[in-house]
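Student: If you scroll down you'll find the structure; I have some questions about it.
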Amino acid sequence: MMITFKDSIDQMSRIVPEIKALIPLRYRILYLVSYLQPIGRRNLSLKIGITERIIRKEATVLKEAGFLDFTSEGMILTPDGKYMLDLLADYVEEFDGLRGLETRVATRLGIARVILVPDDDDEGLVLKEIGAHCAQVLFDLLPEVKTLGITGGSTVFEVTKAMPQLSAEHSDIVVVPARGGVGNETEHQANTMAEKMAKKIKCQYEMLFIPDSLSETSIQLLKNEPGIKSTFEKMQQIDTLIFGIGHAEAMAERRGLPEERIKEIVEKGAVAESFGFYFNREGEIVDEISTLGITLEKVKSLTRVIAVAGGKDKSEAIIAVSKLNPHLILITNESVATQILDATKAQESL
């Protein structure tokens, strides 16, 4: 019987269990270096969405193995590295289940990283898994965080639940709501998320006790109110953002927009809503409403930005919003990832 590369890895994982987690990570490093070389550790860490400390450790291992070289301009791939990249491609992209799918979706969307959770008939369980993975990503990034922005929603709610209670104080970190309130359910509001997350991290937090949707005149007036002004200024200092991705029509309904207004947004081709902007399938803004929250320009400038979205009918919304920032880390479920690949392949063939 012929032993395949996958068979060998499966057997080795019995004695070195971490090998299955390390191979996709090291493959991703080699893959990105091959396209972006020369590239420094910091830029690579931002692309992959993990800390520079981890990149330094993994890059050193790959250099010692002869797969990378370090130059004054950054890391470059060696001929052995190119050979190993080709050797690993089939394993990572075809045989490694979710890990291979993550790589393909991240590449197709042009974003830093995709983390997938398995599907389940219980959508609540899927959202809990997404929340747990996001909490782990945040925990790993925490040493670099100064101002954490967080939106509301059911999936972000699971992130705050999954975040472990830290024992040490983090007085240098501030958590702020990235937008005002949306809808009537207080448990899922950005304010509530910010407070819960801050208590888990043991850090400072700011609150914003106003609805997200206001007239432009009201927003400008409120920005000068001392309490609101302080929070709004903190929003613009956000260096790390966790947010949910909503379907355009569903979010318009949550905001309590009139039926005619919702119809108008949908007829413009809107499939996604984030930060008060409605996007079509190409990621273009087709409509917007006045909101008091983080600006779209700020979202686009961030190097640590995490989107969580799961359940049914989220693929179009994710494709649209993923065009906002190439540093995006997306956490979703397997069937949504498959839908994204199918949809983007169909778009490319048009």
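Derivation of every value follows stated rules applied to the coordinates shown; laboratory data play no part. All of these numbers come straight from a predicted model, not from anything done at the bench. Virtual Cβ from ideal backbone geometry, glycine too; neighbours counted across all protein chains shown.
Student: Could you work out the helix-only [θ] at 222 nm for the chain, with each DSSP H run of four or more residues adding -39,500 (n - 2.57) and the total divided by the number of residues, to the nearest 500 deg cm²/dmol?
Tutor: So the helix-based figure for the chain works out to -15000 deg cm²/dmol.
Student: Once phi is turned into ³J(HN,Hα) by the Karplus curve 6.51 cos²θ - 1.76 cosθ + 1.60 with θ = phi - 60°, what whole-Hz value does each residue of region 313-320 show in order, with x for glycine and proline?
Tutor: 6, 9, 4, 5, 5, 5, 4, 5
Student: Given H placed on each backbone N at 1.01 Å, which residues far from V174 in sequence or on other chains put an amide H within less than 5 Å of it?
Tutor: Those lying under 5 Å, H to H, from V174 are T147, L148.
Student: Still on this model: Quick check on the exposure proxy: order S274, S230 from fewest to most C-beta atoms within 10 angstrom.
Tutor: Least crowded to most crowded, the residues run S230, S274.
Student: With a 10 Å Cβ neighbour count serving as the proxy for reagent exposure, in which order, fewest first, do M197, M84 appear?
Tutor: Fewest-to-most Cβ neighbours within 10 Å comes out as M84, M197.
Student: While we're looking at this one, here's another question. Counting only residues 5 or more places away or on other chains, whose amide H sits under 5 Å from the amide H of N333 once H atoms are built in the peptide plane?
Tutor: For N333, the qualifying residues are V117, G311.
Student: Give the average over all directions of the projected area of the C-alpha convex hull of region 5-96, one decimal, in nm².
Tutor: Here the figure is 5.8 nm², rounded to one decimal.
Student: HN-Hα J couplings of region 333-342 from phi, Karplus 6.51/-1.76/1.60, θ = phi - 60°, integer Hz, Gly and Pro as x?
Tutor: Result, ordered by residue: 10, 4, 5, 5, 4, 5, 5, 4, 4, 5 Hz.
Student: Which whole number in µm²/s is D for the chain by Stokes-Einstein, with the Kirkwood Rh taken over Cα pairs at 37 °C and 0.692 mPa s?
Tutor: Rounded to a whole number, D works out at 154 µm²/s.
Student: Still on this structure: Using only alpha carbon pairs under 8 Å that are at least six residues apart, calculate the relative contact order of region 5-96 and give it in whole percent.
Tutor: 31 percent
Student: What is the calculated FRET efficiency for A89 to E233, with r their C-beta to C-beta distance and R₀ = 45 Å, to the nearest 0.05?
Tutor: 0.45
Student: Using the Karplus curve 6.51 cos²θ - 1.76 cosθ + 1.60 with θ = phi - 60°, what ³J(HN,Hα) values do you get for each residue of region 249-260, in whole Hz, with x for Gly and Pro?
Tutor: In residue order, the calculated couplings are 5, 5, 5, 5, 5, 4, 6, x, 5, x, 4, 5 Hz.
Student: Which of the pairs K161/K199; K47/K161; K47/K202; K268/K312 have their Cα atoms more than 18 Å apart in this structure?
Tutor: Violating the 18 Å Cα-Cα cut-off are K47/K161; K47/K202; K268/K312.
Student: Specify which residue in the list I340, S315, I329 is farthest towards the positive end of the charge dipole of region 107-349, using unit charges on the beta carbon of Lys, Arg (+1) and Asp, Glu (-1), about the Cα centre.
Tutor: In region 107-349, that residue is I329.
Student: Could you size up the charge dipole of the chain around its Cα centre, putting +1 on the beta carbon of Lys and Arg and -1 on that of Asp and Glu, and report it in debye to the nearest 20?
Tutor: The dipole of the chain has a size of about 1120 debye.
Student: So for K161, K57, K196, fewest C-beta neighbours within 10 Å to most, what's the order?
Tutor: By the 10 Å Cβ count, ascending: K57, K161, K196.
Student: Next question. Placing +1 on the Cβ of each Lys and Arg and -1 on the Cβ of each Asp and Glu in region 107-349, which of V114, A132, S167 has its Cα farthest towards the positive end of the resulting dipole?
Tutor: S167
Student: If you don't mind, there's one more thing I want to ask. For a quick check: with amide H placed at 1.01 Å from N, whose amide H comes under 5 Å from V305's, ignoring anything fewer than 5 positions away on the same chain?
Tutor: The answer is L241, I329.
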